[in-house]
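This report refers to the structure that appears directly beneath it.
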Amino acid sequence: WCRLLALLMSVYPREDEATELLPAVEFMFGKAGLEVSYTLQRQTIFNISLMKLYTQRPGEPSLQRRVLINNMLRRIQDELKQDGTLRPLLLPPSPPPDDPLDEGYRQAPPTFGVLVQSQPSALLMEPASVLQAELRLLDPLPTLPSGGSLSPDPPSSSPSGFLSDLALDDVLFADIDTSMYDFDPCTTTTTSTTTGSAAIATAVGGISKIAPVVTADDLIKSLASPYNGPAPQVSSNQPFKIDLTELDHIMEVLVGS
Amino acid sequence: MILVRDKQCHTLPNDVPFSAGVASGNDFQWCFSQVKGAIDEDVAEADIISTVEFNYSGELLATGDKGGRVVIFQHEQESKNRPHLRGEYNVYSTFQSHEPEFDYLKSLEIEEKINKIRWLPQQNAAHFLLSTNDKTIKLWKISERDKRAEGYNLKDEDGRLRDPFRITALRVPVLMPMDLMVEASPRRIFANAHTYHINSISVNSDHETYLSADDLRINLWHLEITDRSFNIVDIKPANMEELTEVITAAECHPHQCNVFVYSSSKGTIRLCDMRAAALCDRHSKFFEEPEDPSSRSFFSEIISSISDVKFSHSGRYMMTRDYLSVKVWDLNMENRPVETYQVHEYLRSKLCSLYENDCIFDKFECCWNGSDSAIMTGSYNNFFRMFDRNTRRDITLEASRESSKPRATLKPRKVSTGGKRKKDEISVDSLDFNKKILHTAWHPKDNVIAVAATNNLYIFQDKIN
C-alpha cells in the first residue's frame, strides 16, 4: 500500500513547483502538456478541498472558510462538467460532520449527485464494483503508445525525492494511515476471500465507509483523470506519454499479481 | 489613477527614510518604543492578542486576547528630565471581558476570544468600550476612583444596616482620598442576537447606536437597549445549500450616521443608506474591481475575499484588505479602487501551500494614520507594511525582540522575489508563517503604532530627525 501511495503521490505537483515547470513542460510537450499539468493541479486542489471540508478543525467552525472551500469545489466540478471529463466520483459515504453552528449549511449535494448519476455503476455500498470501475478507467492506459526511454511523468521528480519534501502529501498520508488502522479486516464479510484484489477492494470500501476523507480511490481517479478516454484532446494524439512501468506497478499492486 | 506597486519596489533602500506624510512634512524613521507580553517561547493560546484599538484621543490603547481578557494601556505624560522620550504606555486596567460558555441547545462551545474592541467617544470622566466575542457584545465602563466616602452612620462597623429607628442624627459622609483605583464594570450585555460568528462591531457617529455584523446578518443596536436590535442586512438564503457568500466586515461611516458599508467573501463592498429602507438588503453603492484575467487562478475568489474594511477619518475614502493587497476606494467611484498596494505579492506562487495549511484564510486587518496619508497592514514572519499615499513609498518592518532596544531604529526588511537573494534579504521559503501580524493600530493623532505579534504588543514611534 505504501508503495502504491508513494507512486500515486509522486504524480502530484505542488502548485508552485508546477508553475515553475510550466515553461519547460510547454517546451517539451506543447499545449497538451500544459493542459495535463493544469488538470493535475486542478485535481490536487480538488482533493485538498474535499479533505478540508470533511476533516473539520476542532473548535473553529468558520462559515467563511467552508463557503470558500465549497465554492472552489463547485467551480472545479463545473469545469469538469464543461470539459466533458465527467467521471464517477466516490461520494463520501457519510454526510459531513453535522455543524450545529448554522441552520443546515451543507455542501451542495446536487453537484455531487450529477457526478454520481453519470456513472451509476459506481455504487458506494459495493466496493468491488467501485474498484471494477476504477480498473475500467485504468484499462485504456496500456494501449497508449509505449513510453520507452521518453517517460516524462511531467512535473515531478523521482517518487522518493518528491515525497521527502512534500508537505502537501503529509496530510493525505496521515489521513489514509489512520483510516487504515481504523479498518479492521476481521469485521468485514468479504475478507474471507484471500485474493489480493478482493482484499484491496474491501480495504478501499472499508476506508470509504469509515473515514469521510479523501481515500485512495480519489487518488487513483485523479491519477487516471488526465490521461483517460473521455478527454480526447489530451489522450489520442498528444506527444505526452505516461511512465508505463509505474502504471504497471500500480496495476500490479491493485490486482495483486 | 490606479497605482499598482511593482514587485521590485517592496522596500526602500535603507538610506531613504520613510515618510508617513505627517502634516509637518518631517521625514522620520520608526523606532522601537515598548514591547508588552511575556518573552517565553511557549505561548499560551489564551495570551494571543486578537484585537488592538486606540481610543479617540490616543491616550488609551486596548487589547483583547483569546482568553477573553481586555488589557488597557494608558499613555503616561513625558517626563521633564527625559524630553526626548515621549511618554510610554503602561497598564491601566485589566479585566475579564468574556468567559467561555456552552450553548446547550446547539451543543456548541462559545469561545471567550475577543473578536473586536471599539471605544465610544468620551462623554465624561469615564471611558466606555464595546467588546465582543463570537456571540455576545458587552459595554464596559472604565472609571477611576481616588476618593472614598467615610463617616456613614447607616451601617455598623461590620457593614450591617442599622435599625433605622435607632438612628437619631443625620451625618454627612466625608470624601477621603485613597489610592487611585481603576474599575471596569459591565454596563450592558447585548446577547442572543447573532446566530453566526460576530466579525465586526462599529459605533455610529450619532454616538447612540452601533452595528454588529456576523457571517450572514448585520444588526443595529441602541447603546442603552439590550433586549432588542434591528436587523438591517440579512443575506442568508432560504436554502443554505445556495449559500456562496458571507459578510466579512462592516463599518459605520465616520460622519454620516445613516451610511455603513459591509464587505463580502467575494471581494465586493456594499454601501447602504439606512434612510432608504429599514432593511438594507438593497445597497446604494456596490464597489467591485473587475477580475484581471491574466492573474486568474483557482484561488482568485479566496484571495479576493475581504478581511477588513475601514473608512478614512475624512470619510471620503475606504480601505479594504484582501489576502495579497490593500485597496483604497473613493466612495464616489465604484468600479475600481483609486489605489492598490501589494502587501506580499511574492506569495502568489505559494497559494496552493497556503491553501493547504489554511493560512490563506488568515484575516489581516488594516488601519489609517491620523491624517489618512498613510496606511498600515500586517504580513507573515512578523513583518508589517506601510504605504505612504502621497510619496507612493512603501516599507516592510519587523516586530521582533532582537531590535527591541530603546529607541532603536527599525531596519527596513526585504523579501527576495526570485533570482539571487541579496544580503539582508530573506527568501520567501524561509518566512515563518506561524508568526503573523493580523492586528495593528495607528494613534489617531501621533505617529505611534501598536502592532500585535502573537502574544506580544509592540509599540513603535517616529524618530524625528
- Task: Take the Cα pairs of chain B, get the Kirkwood Rh, then feed it into Stokes-Einstein at 4 °C and 1.567 mPa s and tell me D in µm²/s.
- Result: 54 µm²/s
- Task: Grab region B:86-148 and count how many Lys pairs have their alpha-carbon atoms under 26 Å apart, sequence gap of 8 or more, or different chains.
- Result: 9
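Kirkwood Rh and Cα-based Rg: tell me the resulting Rg over Rh for region B:105-197, rounded to two decimals.
Details: Rg = 20.5 Å, Rh = 17.2 Å.
Across region B:105-197, the Cα-based Rg/Rh ratio is 1.19.
Could you list B:Ser93, B:Ser294 so that the one with the fewest beta carbons within 10 Å of its beta carbon is first and the one with the most is last?
B:Ser294, B:Ser93
When the gyration tensor of region B:312-364 is built from Cα positions, what are the square roots of 5 times its three eigenvalues, in whole Å, from largest to smallest?
Values: eigenvalues 147, 24, 14 Å².
Working through the eigenvalues yields semi-axes of 27, 11, 8 Å.
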- Message: Let me confirm the definition first: pairs of Lys residues in region B:311-432, 8 or more apart or on different chains, C-alpha distance under 18 Å. How many are there?
- Response: 7
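Taking the Cβ of each residue in B:Val35, B:Val43, B:Val174, B:Val233 as the centre, tally the other Cβ atoms inside 10 Å and list the residues starting with the fewest. Provide the component values of the computation, followed by the final result.
Details: B:Val35 17, B:Val43 14, B:Val174 11, B:Val233 22.
Least to most surrounded, the residues fall as B:Val174, B:Val43, B:Val35, B:Val233.
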- Task: Count, for each residue of A:63-76, the Cβ atoms from other chains sitting within 10 Å of its Cβ, then give me the mean as a whole number.
- Result: 6
- Message: Report the Cα-based extents of region B:55-177 along its three principal axes, largest first, to the nearest Å.
- Response: 60, 55, 25
- Query: What's the extension gain from B:Asn434 to B:Ala238 if we count 0.36 nm per residue and subtract their Cα-Cα distance?
  - Reply: 66.7 nm
- Query: Roughly how many nanometres apart are two label points built 7 Å out from the Cα toward the Cβ at B:Glu157 and B:Asp330?
  - Reply: 7.7 nm
- Sorted largest first, extent of region B:157-208 alpha carbons per principal axis (Å): 58, 27, 24
- Query: For peptide B:189-198, how many partner chain Cβ atoms fall within 10 Å of a residue's Cβ, on average?
  - Reply: 2
- Query: So how far apart, in nm, are the two label points at B:Val43 and B:Glu402 if each is 7 Å from Cα heading toward Cβ?
  - Reply: 1.7 nm
- Inter-part gap, Cα centre of region B:285-364 to Cα centre of region B:172-211, in whole angstrom, is 33 Å
- Message: Suppose the chain between B:Arg171 and B:Arg187 were pulled fully straight at 0.36 nm per residue; how much longer would it get relative to their current alpha carbon spacing?
- Response: 2.7 nm
- Task: State the answer as a single residue: which of B:Asn335, B:Ala441, B:Ile110 lies farthest towards the positive end of the charge dipole of chain B, with beta carbon charges of +1 for Lys and Arg and -1 for Asp and Glu, about the Cα centre.
- Result: B:Ala441
- Query: Per residue of B:346-359, what is the mean number of Cβ atoms on other protein chains within 10 angstrom of that residue's Cβ?
  - Reply: 5
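Could you list the square roots of 5 times each eigenvalue of the Cα gyration tensor of region B:251-341, that is, the equivalent ellipsoid semi-axes, sorted largest first and rounded to whole Å? List each step's numbers first, then the result.
On the way: eigenvalues 112, 41, 23 Å².
Equivalent ellipsoid of region B:251-341: 24, 14, 11 Å, largest first.
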- Item | Where only C-alpha atoms are counted, convex hull volume of region B:160-279 per residue in Å³ | 233 Å³
- Note on the structure: Averaged over all viewing directions, the convex hull of the alpha carbons in region B:113-157 casts a projected area in nm² of 5.7 nm²
- Name the residues of region B:233-270 whose amide N is less than 17 Å from a point 7 angstrom out from the Cα of B:Tyr56 along the C-beta direction? B:252-258
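By per-residue mean of other Cβ atoms within 10 Å, what is the highest-first order of B:410-419, B:361-370?
Values: B:410-419: 17.2, B:361-370: 21.2.
Going from most to least packed, we get B:361-370, B:410-419.
Since every read-out is calculated from the coordinates, none of them should be taken as a lab result. From a predicted model like this one, the values you see are computed outputs, not experimental measurements. For neighbour counting, all protein chains shown are included, and Cβ atoms are generated from backbone atoms with ideal geometry for every residue, glycine included.
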